[in-house]
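Q: Just dropping this structure here.
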Amino acid sequence: MLCQVFWLIGIHGAQVIGIVKDPIGLAAIAINLEAHEAGKALPNVFTYTFWNTYATIGGSGCTIGLLIAIFFFSKRADYRTIGGFSAIGLWLKTSRHFQAGRWSSPI
């Protein structure tokens, strides 16, 4: 949530949050690796990989929410067309083409 607040005010939220989040997540992976090698249960679920896989679906700006809103509420055919082409890319966390296509459409 804090990441999106930074995006709202024009700051790259993932870069700011990453300063704190990344070392913690990477340390959790190292702890899990040690536990796995010792044959124990993995103690940490929320690791760096978990965050990148599940928390930032649709890119660091979480633009997948925008795509869903366009599909449900947009009456403009061109927005829906761009959203349709962008759906796979957004799921793979590459949102640049969606953002560029969406915002450059003529109003």
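The values are calculated or read from the model by the stated rules, or taken from the named source; none is laboratory data. The model shown is predicted, which means the values in this text are computed figures rather than measured ones. Heads up, the Cβs are rebuilt from the backbone with ideal geometry, glycines too, and the neighbour counts pull from every protein chain shown. These area figures cover heavy atoms from the full protein model, side chains too; ligands, DNA and RNA do not enter into them. Shrake-Rupley method; radii C 1.70, N 1.55, O 1.52, S 1.80 Å.
Q: Just checking, does the stretch 28-49 include any residue being in contact (Cβ under 8 Å) with a residue 24 or more places away in the chain and either part of a helix (DSSP H, G or I) or in contact with a Phe, Trp or Tyr (Cβ under 6 Å, 6 or more places away or on another chain) (or both)?
A: Within the stretch 28-49, the first condition is being in contact (Cβ under 8 Å) with a residue 24 or more places away in the chain, and the residues that meet it are 48-49.
Filter once more, so that each one left must be either part of a helix (DSSP H, G or I) or in contact with a Phe, Trp or Tyr (Cβ under 6 Å, 6 or more places away or on another chain) (or both): 48-49.
Yes: the stretch 28-49 contains one or more residues that are in contact (Cβ under 8 Å) with a residue 24 or more places away in the chain and either part of a helix (DSSP H, G or I) or in contact with a Phe, Trp or Tyr (Cβ under 6 Å, 6 or more places away or on another chain) (or both).
Q: Can you tell me how many residues in the stretch 15-28 are touching a helix residue (DSSP H, G or I) at 6+ places or on another chain (Cβ under 6 Å) and over 10 Å from Tyr48 (Cα atoms)?
A: Count: 2.
Q: Can you find, within the stretch 17-48, the residue that is surrounded by the fewest Cβ atoms within 10 Å (Cβ to Cβ) among those that are charged (D, E, K, R) and under 18 Å from the mean Cα position of the chain (by Cα)? Spell out how you get there, then give the answer.
A: Within the stretch 17-48, the first condition is being charged (D, E, K, R), and the residues that meet it are 21-22, 34, 37, 40.
Remaining after also requiring under 18 Å from the mean Cα position of the chain (by Cα): 21-22.
Details: Lys21: 17, Asp22: 14.
So, considering only residues that are charged (D, E, K, R) and under 18 Å from the mean Cα position of the chain (by Cα), the one surrounded by the fewest Cβ atoms within 10 Å (Cβ to Cβ) is Asp22.
Q: Still on this structure, please answer the following. Among the residues of the stretch 58-68, is there at least one that is part of a helix (DSSP H, G or I), open to solvent by 80 Å² or more (accessible area, probe 1.4 Å) and either of a type in the set (Gly, Ala, Ser) or closer than 26 Å to Gly84 by Cβ (or both)? Spell out the reasoning first.
A: Narrowing the stretch 58-68 to residues part of a helix (DSSP H, G or I): 64-68.
Checking the rest, the ones that are also open to solvent by 80 Å² or more (accessible area, probe 1.4 Å) come to 68.
Filter again for either of a type in the set (Gly, Ala, Ser) or closer than 26 Å to Gly84 by Cβ (or both), leaving 68.
Yes, that holds for at least one residue.
Q: Give just the number: which of (1) in a helix (DSSP H, G or I); (2) farther than 28 Å from Lys21 by Cβ; (3) modelled with pLDDT of 75 or more does Ala87 not satisfy?
A: (2) is the only condition that Ala87 fails.
Q: Quick check, is Phe72 modelled with pLDDT under 90, in a helix (DSSP H, G or I), under 23 Å from Gly89 (Cβ atoms) and open to solvent by 90 Å² or more (accessible area, probe 1.4 Å)? Write out each step before concluding.
A: On the way: modelled with pLDDT under 90: yes; in a helix (DSSP H, G or I): yes; under 23 Å from Gly89 (Cβ atoms): yes; open to solvent by 90 Å² or more (accessible area, probe 1.4 Å): yes.
The answer is yes for Phe72.
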